[in-house]
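First comes the structure, then the notes that go with it.
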Amino acid sequence: MTALPFLLLILAVAAGYAINRGAARAIRDGGSRLHSMTSYHGVFAALLILVPVLTFTLLWLALQGPVIDRITMSGLPDGALDGLDSGGVQLILAEIKSVSRGQIFGTPEDWKIAASERYVLLHTRADWFLVAAVCVLSLALLAVARSRVAADFRARQGVEGIVTGLMIFCSTVAIFTTIGIILSLSYETYRFFELVPVTEFLFGLNWEPQIPLRDDQIAAEGAFGWLPVILGTIVITVVALVVAVPVGLFSAIYLNEFAPKRLRSVVKPVLEILAGVPTVVYGFFAILVVAPAIRSFGQSIGLDVSPNTALAAGGVMGIMLIPFISSFADDALSAVPQAMRDGALGLGSTRGEMMTTVLFPAALPGIVGGVLLAVSRAIGETMIVVMAAGLIAKMTINPLDSVTTVTVQIVTMLIGDTSFDNPKTLAAFALGMMLFLVTLVINIFALRIVRKYREAYD
Amino acid sequence: MTDISNAHGAAPRRTTSSELVAASLKRRRRKQAYLQGVGLGAILIAFLMLFILVASLVSTGWQAFTQTHVTLDVYVDPEEIPAERLPRGGFDDALAASLGRMLPGTDMSDRGTARAVEGILSNGAQFELRDRVVADPSLIGQTITMTVPVSDPFDQLNKGLIERETPEVNRRVKDNEVAWFDTLAANGAISKPFNWGLFTNADSRFPELAGLKGALVGSFWALLTCFLISFPLGIGAAIYLEEFAPKSRLSDFIEVNINNLAAVPSVVFGLLALSVFIGWFGLPRSAPFVGGLTLALMTMPTIIIATRAALKAVPPSIREAALGLGASRQQVVFHHVLPLAMPGILTGTIIGLAQALGETAPLLLIGMNAFITSAASSPFDSSTALPTQIFIWADSPERGFVSRTSAAILVLLGFLVMMNAVAIYLRQKFERKW
């Protein structure tokens, strides 16, 4: 059923192309000189139909579901939804939908069956209306396009205008995505701060997002201070950098100055493989190999190591960041002008001295920019820590302890939860907002350093 | 300068500067060798890590590519499986009785023993028998030969993952069960063929039945959606920004935006999808379509950046020649520049899609980590994807899922290697040097 409007649309577009092209040909064969080539007349008609009708259809399909849900729910008999929270309302809606698909469990009340019949009816009507609308709109646009065919009609300019508009739309999608991220995060964060004061979130030392499921349940009230969570993130990030920066930097130095060409041509792709491995694989690697290894090593020297240490998660994250840092450092070193190398060598320094006293200091801003980008990567990295780090937020900087991170909390609080009205799920959005802001600031800062430095030597 | 040379000449001759240099040269060279050594060491560490990663995955994962099966003659007992009660019936009892006949000396009238014998077979065996009998009810009363998977503990025993030397109390397979299994093996009933079920089954609670079909199908739908959305949008944006956009504040702003989007943590895209696509637009949870939509937003910056680089690489002489012959600016781009840039664009797109294939966090947030036992038939059905399936299996407590997880990772890495190989091939085959 959903395919039918699209099928009609394709037909209309093809018809528009054929009709207008044929009409233009007829004019040309009649002896007049056309402004545009005949195919442009065809493409003009096709685009004139395609763009508005497709936009309409997609909008209709996107809005149809929620609107029908709302009409169905508002048409329920009075009192049916009294005393239900949003979760309960969702359940009733789901039940009505499953009844309408013919999956009936037990004996639903009569008003539910009536509602499901209305639901089906609304859907059928909406579908047919869409088909009819697509037909009418396409025919109308086809008539408009056909009426434009004339010897002096500037069809090419028309086509190019539409295409330019489409391309401008494409490039604004990036802006809309950013706006969407900012709006959705700030909306949910605002709702979170209505339930939990901002000061508690920013300065609280406890993170215990467990909230009682039932009213009579004895449980922690729920504490939402993000400091222990961000502290855990910092611990893991530091561990990752301690692994990644030296290894990445020294391999870049070696590759850039000392490695024979053949070795370089082998090492670089292998490092890229390390960069292309999905993070879920690193996460499994951490729990399969690294965490048990660290644990048994700790026990052998008499240390009590928790099963999901910051060390394991951070160490594996460090491995993931090695290629990132090494490629940034390599680029920064290569960007130093040849004249500086030649000058240093000409004054009699060894290649090692040239590297440490001339190239490395000159490339330092670029390298710092790369490391900053790696920091933002490490803060935002999710799968490794979800699988290998802990869930309990602790105020500790001991890397052998189990810590949690911002991303771990976001994922665990949102997995399997649908309603957006309790502080637990909303807290995830507040954390996401902080994550977005922190990484954004670091990224802008790092990109500025990298770019400024590049311009200095160009 | 003259001052210095005069000072030198006046001083009593001690050592020349070249002697000084020669004396320190050894130390300086040693320093350089040290730096080189550390650099080489760093590279070796990176290689070692990659080696350990791959080796650990292969060593745990290769076992999951075979699956222990047992071949048995099943007597479809009309007393257990009466034709009029189909599709219900005691299929498990029929299987257990048939298996018991192959194990001389077992007392099948003892319920505990019968249950233990039945435990050799996978839980899926009774459904396979049911499907065969339902498809052909004339089988009732006959004896048919079936080859079915054994349950996970026996699979592990056969693969040597459960050590026979372990004391019985610490072993998941008891001594008498080991003896049964050995009897079956001695009769030639046990086989270990390639595990096609890994690719043809959907997810299951039982490791021996769990497969990747649902995840592969889900990933396919998600990637298809991602490609259909991000490819045209990305190319359109790139062409506009590279070829047509006037240098203005707006186009600068768009550029900054795209660069920043490329660095936004993936989990934030998951939050966006959860609150906008699912919360506001009411799209279904766990659907590959929503996953693909989210991945498209993440892949688009990659495609835009790659496309712009490819467009930039086309020499201006092509554009000038076309313009000189009277082509409009759009004709120049669409007839000449874009086709020449296509290999580079496709390479960038494939690399972007490969990244999207391995992306996990946003898919978790939109619920693609649900337990779903059938493959999605449309992009709007609930489904998992390859990386989220890996996450689910890695979380499962059953021992058999460890090697399944590694095997799933090997499959995922196989796809990534294939996509990258295609990208490299395209680049080398079609890229033109100007």
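The values are calculated or read from the model by the stated rules, or taken from the named source; none is laboratory data. The structure displayed is predicted, hence computed values, not measured ones. Cβ atoms come from the backbone with ideal geometry, glycine included; neighbour counts cover every protein chain shown.
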Could you tell me whether region A:336-351 includes any residue that is small (Gly, Ala, Ser), in a helix (DSSP H, G or I) and within 14 Å of chain B (Cβ to nearest Cβ)?
yes
Exception for residue A:437 within (1) under 20 Å from the mean Cα position of the chain (by Cα); (2) touching a residue at least 24 places away in the same chain (Cβ under 8 Å) falls at (2)
In region B:120-139, residues that are buried (at least 17 other Cβ atoms within 10 Å of the Cβ) and within 36 Å of the chain's Cα centre (by Cα) total 10
If residue A:26 satisfies all but one of (1) crowded, with 18+ Cβ neighbours inside 10 Å; (2) over 29 Å from the mean Cα position of the chain (by Cα), what's the number of the condition it fails?
(1)
Please state which of the following conditions residue B:352 fails to meet, knowing it meets all the rest: (1) surrounded by fewer than 24 Cβ atoms within 10 Å (Cβ to Cβ); (2) more than 26 Å from residue B:58 (Cβ to Cβ); (3) touching a Ser or Thr at 6+ places or on another chain (Cβ under 9 Å).
(1)
Sole exception among (1) out of contact with any helix residue (DSSP H, G or I) (no Cβ under 6 Å at 6 or more places or on another chain); (2) more than 10 Å from chain B (Cβ to nearest Cβ); (3) of a type outside the set (Lys, Arg); (4) not in a loop (DSSP other than H, G, I, E, B) for residue A:390, by number:
(4)
Would you mind finding the one in B:346, B:340, B:426, B:416 that is within 12 Å of chain A (Cβ to nearest Cβ), surrounded by 16 or more Cβ atoms within 10 Å (Cβ to Cβ) and of a type in the set (A, V, I, L, M, F, W, C)?
B:416
Residues A:106, A:161, A:88: which one is of a type outside the set (A, V, I, L, M), in a helix (DSSP H, G or I) and more than 30 Å from residue B:243 (Cβ to Cβ)?
A:88
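May I ask you to list the residues in region A:29-67 that are under 30 Å from residue A:93 (Cβ atoms) and crowded, with 19+ Cβ neighbours inside 10 Å? Please lay out each step first, then the result.
From region A:29-67, those under 30 Å from residue A:93 (Cβ atoms) are A:54-67; that's our starting set.
Passing the criteria: only A:57.
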The lone exception for residue A:84 - which of (1) within 14 Å of another protein chain (Cβ to nearest Cβ); (2) modelled with pLDDT under 75 it fails
(1)
Yes or no: region B:165-188 includes at least one residue that is crowded, with 16+ Cβ neighbours inside 10 Å, more than 21 Å from residue B:66 (Cα to Cα) and of a type in the set (A, V, I, L, M).
no
When region A:147-167 is examined, which residues are found to be within 14 Å of chain B (Cβ to nearest Cβ) and buried (at least 18 other Cβ atoms within 10 Å of the Cβ)?
A:155, A:156, A:158, A:159, A:160, A:163, A:167
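A quick yes/no check of all residues on (1) aliphatic (A, V, I, L, M); (2) farther than 17 Å from residue B:149 by Cα; (3) within 14 Å of chain A (Cβ to nearest Cβ); (4) in a helix (DSSP H, G or I):
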position: B:176; (1), (2), (3), (4): no, yes, no, yes
position: B:179; (1), (2), (3), (4): yes, yes, no, yes
position: B:199; (1), (2), (3), (4): no, no, no, yes
position: B:205; (1), (2), (3), (4): no, no, no, no
position: B:215; (1), (2), (3), (4): yes, yes, yes, yes
position: B:224; (1), (2), (3), (4): yes, yes, no, yes
position: B:230; (1), (2), (3), (4): no, yes, yes, yes
position: B:241; (1), (2), (3), (4): yes, yes, yes, yes
Just checking, does region B:93-114 include any residue being within 20 Å of residue B:153 (Cα to Cα) and within 14 Å of chain A (Cβ to nearest Cβ)?
no
Confirm whether residue A:144 is β-branched (Val, Ile, Thr), more than 14 Å from chain B (Cβ to nearest Cβ) and surrounded by 15 or more Cβ atoms within 10 Å (Cβ to Cβ).
no
Look at region B:189-217 and say how many of its residues are in contact with a strand residue (DSSP E or B) (Cβ under 7 Å, 6 or more places away or on another chain) and surrounded by fewer than 17 Cβ atoms within 10 Å (Cβ to Cβ).
4
Tell me whether region B:364-374 contains one or more residues that are over 30 Å from residue A:406 (Cα atoms) and more than 11 Å from every other protein chain (Cβ to nearest Cβ).
yes
Could we say that residue A:36 is at pLDDT 75 or above and of a type in the set (Ser, Thr, Tyr) here?
yes
Does region B:261-279 hold any residues that are out of contact with any helix residue (DSSP H, G or I) (no Cβ under 6 Å at 6 or more places or on another chain) and at the interface with chain A (Cβ under 8 Å from one of its Cβ atoms), and which are they?
B:264, B:279
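This table checks each residue for (1) closer than 27 Å to residue B:178 by Cα; (2) touching a residue at least 60 places away in the same chain (Cβ under 8 Å).
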{"site": "B:88", "(1), (2)": "no, no"}
{"site": "B:113", "(1), (2)": "yes, no"}
{"site": "B:118", "(1), (2)": "yes, no"}
{"site": "B:122", "(1), (2)": "yes, yes"}
{"site": "B:135", "(1), (2)": "no, no"}
{"site": "B:139", "(1), (2)": "no, yes"}
{"site": "B:146", "(1), (2)": "yes, yes"}
Give the residues of region B:35-59 that are under 21 Å from residue A:358 (Cβ atoms) and more than 8 Å from chain A (Cβ to nearest Cβ), sorted by residue number.
B:37
So is residue A:209 buried (at least 17 other Cβ atoms within 10 Å of the Cβ), modelled with pLDDT under 85 and either more than 13 Å from chain B (Cβ to nearest Cβ) or closer than 23 Å to residue A:405 by Cα (or both) or not?
yes
Count - residues of region A:287-308 that are surrounded by fewer than 18 Cβ atoms within 10 Å (Cβ to Cβ) and either part of a helix (DSSP H, G or I) or among the aliphatic types (A, V, I, L, M) (or both):
9
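Please specify each residue of region B:233-256 satisfying the condition of being of a type in the set (Ser, Thr, Tyr) and modelled with pLDDT of 90 or more.
Filtering region B:233-256 down to residues of a type in the set (Ser, Thr, Tyr) leaves B:240, B:248, B:251.
The answer is B:240, and nothing else.
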Would you call residue A:356 within 8 Å of another protein chain (Cβ to nearest Cβ), free of Cβ contacts under 8 Å to residues at least 24 places away in the same chain and surrounded by fewer than 24 Cβ atoms within 10 Å (Cβ to Cβ)?
yes
Of B:415, B:430, which residue is within 17 Å of the chain's Cα centre (by Cα) and either on the phi < 0 side of the Ramachandran plot or β-branched (Val, Ile, Thr) (or both)?
B:415
Please list, ordered by first then second residue, the pairs with beta carbon atoms under 7 Å, 6 or more apart or interchain, first in region A:245-273 and over 16 Å from residue B:36 (Cα atoms) and at the interface with chain B (Cβ under 8 Å from one of its Cβ atoms), second part of a helix (DSSP H, G or I) and of a type outside the set (Val, Ile, Thr).
A:270/B:47; A:270/B:50; A:271/A:323; A:271/A:326; A:271/B:46; A:273/B:50
